[in-house]
C-alpha cells in the first residue's frame, strides 16, 4: 500500500494540543452533518458515479489514473548527451539586461499582460488553465532557451538569467498560470542538464516539437517540515530497474502531465531523480487544489509499486545533480515571487493615489506611503538577490549560498508584500473584485514550494 | 549583461581596505570606544599611507565620489562610486567610528566632491572637510535651516548654531548649510566651505554618544563668520526651479556611503556570530530548509539574507551613480534597508551570542551600539521612506509630508 497522506478529515487538533472528545451532542451533530452532506450532493447533482475517471481539479481526494502518455521513442540518437556550456564569466558589475534579453522580456511581458492576467481569475476558480494557453507559451519558445540547439532547442549557452527574467515577467501576469506554462520546461531543462544521450533522444524531441506535453517536476511531499533532502518516497533497485512508492504533492497539471521527473530516495542513499511516464502501471493522480497557484491545476502524484526501467534514473543518481536541481528550482520560485510582488506594487500605487479618505488621497498619509516605500525597497532587494544567484549559476560559479539567501528573502518579504497589498486596499483587497487577494495566496507558495519550476 | 560580482580590478583596493581595517582599526576599536574624545593618533599614519595609495591608483576614500561627468558610450562603468562603497564596507567591518575619524574622508569631502566646481575641487584638495547641516531646532527638515548667510561685498556673513557635526573638532574646514533668505525656503539654502580658524566660528562642545565614540561630534556657534563668496558650493542664485537640487545632490552620493557603513558593521557582527555559533556546534546549511535546522542557524540565514539585500542595494545605487543614472530612489532604498537591517542584525547577533556578545570582552555589543546612528544620520529611516514613497507614488513634498 501507499504511504497514506495525512488527511484533514475528522476533528482537528486544537492549538492547545487537546483533541476535543466527541460527546453525545457531538455525535448527533456529526451524524446530521453527514446526512445533510449526502442530501446536498443528491439534490445538486454533484454525486457522480463511483467509478469516475475524470480528474476533477477543484476538489480534493478524487484519485484517477495518470494521463495516457504518448509513446516517447527515440527518433534519432545523439552520440553523447547534448549540454549547454556555461556562459562566459563577466567581469564588470552590471544590471543592464542584454538587448536580446530585453527583447525577450518585452515579448513575455506582453504575453503575460494579454494572455495571463485576463484569464487569471477564471483559472483560479476553475483550477484549470485556459485551453491551449500552455501550448501558446510553448510556441513562444519559453521551453526552448534551456534546450541546446543541437537537440532542437535554441540555447547556445547556459541562460539562467534569461530564464529568470522570463519567469519574472510571466508571474507579473499570474503566478498560477505562469507555473502552468513553465512546468514542462522544468522537465525539458532537467533533461538538457542531466539527461544521458538515451534519455535526451527519447524525450527531448517532444519538447521541441509542436505539441509540447504537459510534464511536471515533482519534489514536494505532503508532510510537515518537508525537507527535499530527506524524502519519504522510496526507490529500490529491482531486477536492473527501480520500483517507486510514495506520494508527491504540489504537482502542476497533474491530471494532464505525460511525463514526470520524480524525486525519490534511492535505497536509503539519498535523493535521486527518476523519469516516470504517466501511463506506467501504479501511477495515479489526485486533485489537490490549494490555497493559491490554482491556475496550475495542482495535484498529488501517487506511486504504488511503480516499476521503472534502468534508464529511468536521471543524472546517474548523483547527489550534486539533485542539489543543483533543488537550487535551480528555488531560484525559479524567487523569480516568480519577484514578478508577482511587482504586480502587487504596480496595482497598489494607483489605488492608494486614487482612493480618497478624510479629504485627500490615502497615499498622502505616511502610514500608507511608508508601506509602499517598504514594498518598493524590499522588492528591489529580492530582485537583486535573485539576479545575483542567476548570474552566478549561468557563469558556472557556486550559487548555493546566493540561492538560499534569495529564497529566504523572497519567501519572507514576498509574503509581506502580498499581505501589505491586501491591507492597503482594505476591504477591497479582501474581495475577488481585485486580484490582490489572489497574489496574497500565490505568494505564500514561495516559502512552501520545492521543485515544480526550474531555470 | 547582468552580473552582480565585483570586478577584478577592485580586488587590490578591497584587499587594501581589509588590511587597514584588520591591522589598524580592529586593534584600536575598543580603545577609542572607551576613551571618547581622545584623538586616535594611530590613524594619522594610516591616513598618510592611504593618501599615497590613492594617488597611485583608485582610492577608497570619500574623495573618490566625484560624479562621472563624461557621457557614457553605452557600455557599463565600474568607477569611483562603486570602489568607494566597497572600500567603506571593508573599513567599517574594522570600525565605523574610526573610519568617520579618518582625516580627509569626511562627509564634507563627499559634498565637495559632488558639487564643487573644478577650481574649488582643486583648492580644497587635501583638506579634511566636516559637514554641518543639523541645528538645535531642525534635523531631518533641512529646509527649515535658520543659520543665515548675508552677502557683504565679496563675502557672506554667517550666523547661527550647528550641532552633530561629525569630526567637527578635527577637520580643517566645515561645509556649513545656511540660507540666503529664510523667506524663500529650500531654494535659498546653500552650502559654504568654512575654515575652522575663521574668527567667530566657535566650537561649543563635544557630544557623549551611544556609539561611534571614536568619532567626535561637535557643536558650533557661528557669530558673524565671514566666508569668501568663492567658498559657496554650487550656484549662488536662488533658483526656485531647481530648488534644493544643488545641495540635495550630495545625498545621492553620501547615502550609499552610509548604507555601506551599515553593511560593513553588520558584516563584522555576522562573521563573529557565525564563528561563535560554529564553536558551539551550530552551523547553517544553505541547502536544507531553515525550519529543519537549529533555530539559531535559521536566524543566521535570515540575517544573512537581509544583509545581502542591503549589500546589493548599496552596490546598485553606487553603480548607477558611476553610470550617470539618476539614483535618488535607489540611494534612499539602500540607506533605508541597510540602516534598519544594520541595527537588526547587530542587535540580534548580541542576542544569539548571549552574555558573550553583551560583554565588553567582545566587540559585538559595540557594533550593536555603533549601528544605530547609521539609521539616523544622512537622513533617518523615516526620511528615506518618505523619499522612496514620493518617488514611487509620484508625490511632491507638499502632498506627502
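The values are calculated or read from the model by the stated rules, or taken from the named source; none is laboratory data. Owing to the predicted nature of the structure, the values given are computational and were not obtained by experimental measurement. Using ideal geometry, Cβ is built from the backbone for each residue, glycine included, and neighbour counts are taken over all protein chains shown.
Here is how the numbers come out for the structure above:
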quantity	calculated
Considering residues of region A:353-362 that are in a helix (DSSP H, G or I) and more than 7 Å from chain B (Cβ to nearest Cβ) only, the residue surrounded by the fewest Cβ atoms within 10 Å (Cβ to Cβ)	A:354
Output for region B:312-342, where each listed residue is assigned to a helix (DSSP H, G or I), surrounded by fewer than 22 Cβ atoms within 10 Å (Cβ to Cβ) and more than 10 Å from chain A (Cβ to nearest Cβ)	B:328
The one condition in (1) buried (at least 19 other Cβ atoms within 10 Å of the Cβ); (2) more than 8 Å from chain B (Cβ to nearest Cβ) that residue A:381 fails to fulfil	(2)
Scan of region A:245-262 for residues that are in contact with a helix residue (DSSP H, G or I) (Cβ under 7 Å, 6 or more places away or on another chain) and in a strand (DSSP E or B), ordered by number	A:259, A:261
Every pair of residues 6+ apart whose Cβ atoms lie under 7 Å, when the first sits in region A:359-386 and is not assigned by TED's automatic domain parsing to the domain that holds residue A:340 while the second is assigned to a helix (DSSP H, G or I)	none
Failed criterion for residue A:398 (all others in (1) within 13 Å of chain B (Cβ to nearest Cβ); (2) within 20 Å of the chain's Cα centre (by Cα) hold)	(2)
Residue in region B:292-303 that is within 7 Å of another protein chain (Cβ to nearest Cβ), over 30 Å from residue B:257 (Cα atoms) and outside any helix (DSSP H, G or I) present	no
Qualifying residue in region A:304-318 (condition: within 19 Å of the chain's Cα centre (by Cα), outside the structural domain of residue A:198 (by TED's automatic domain parsing) and surrounded by fewer than 22 Cβ atoms within 10 Å (Cβ to Cβ))	no
Matching entry among A:97, A:81 (being modelled with pLDDT of 90 or more, under 30 Å from residue A:281 (Cα atoms), surrounded by 15 or more Cβ atoms within 10 Å (Cβ to Cβ) and out of contact with any strand residue (DSSP E or B) (no Cβ under 8 Å at 6 or more places or on another chain))	A:81
Condition check for residue B:395: within 11 Å of chain A (Cβ to nearest Cβ) and free of Cβ contacts under 8 Å to residues at least 40 places away in the same chain	yes
Evaluation of residue B:367 against (1) surrounded by 22 or more Cβ atoms within 10 Å (Cβ to Cβ); (2) farther than 19 Å from residue B:140 by Cβ; (3) facing chain A (nearest Cβ under 10 Å) (one fails), failing number	(3)
Wholly within region A:81-150, helices (runs of 4 or more DSSP H) carrying at least 1 residues that are in contact (Cβ under 8 Å) with a residue 24 or more places away in the chain, closer than 19 Å to residue A:192 by Cβ and in contact with a helix residue (DSSP H, G or I) (Cβ under 8 Å, 6 or more places away or on another chain)	A:99-111, A:133-140
Answer residue from region A:384-395, given it is facing chain B (nearest Cβ under 8 Å) and more than 19 Å from residue A:445 (Cβ to Cβ) and is surrounded by the fewest Cβ atoms within 10 Å (Cβ to Cβ) among those	A:395
Condition check for residue A:217: in a strand (DSSP E or B), away from chain B (no Cβ under 14 Å) and within 19 Å of the chain's Cα centre (by Cα)	yes
Verdict on residue A:297 being touching a helix residue (DSSP H, G or I) at 6+ places or on another chain (Cβ under 8 Å), over 30 Å from residue B:308 (Cβ atoms) and surrounded by 24 or more Cβ atoms within 10 Å (Cβ to Cβ)	yes
Residue A:365 vs. criteria surrounded by fewer than 19 Cβ atoms within 10 Å (Cβ to Cβ), within 12 Å of chain B (Cβ to nearest Cβ) and on the phi < 0 side of the Ramachandran plot	yes
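Every residue, every condition in (1) more than 14 Å from every other protein chain (Cβ to nearest Cβ); (2) modelled with pLDDT of 95 or more; (3) surrounded by fewer than 24 Cβ atoms within 10 Å (Cβ to Cβ), yes or no:
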| position | (1), (2), (3) |
| --- | --- |
| A:166 | no, yes, no |
| A:170 | yes, yes, no |
| A:177 | yes, yes, no |
| A:184 | yes, yes, no |
| A:187 | yes, yes, no |
| A:212 | yes, no, yes |
| A:225 | no, yes, yes |
| A:230 | no, yes, yes |
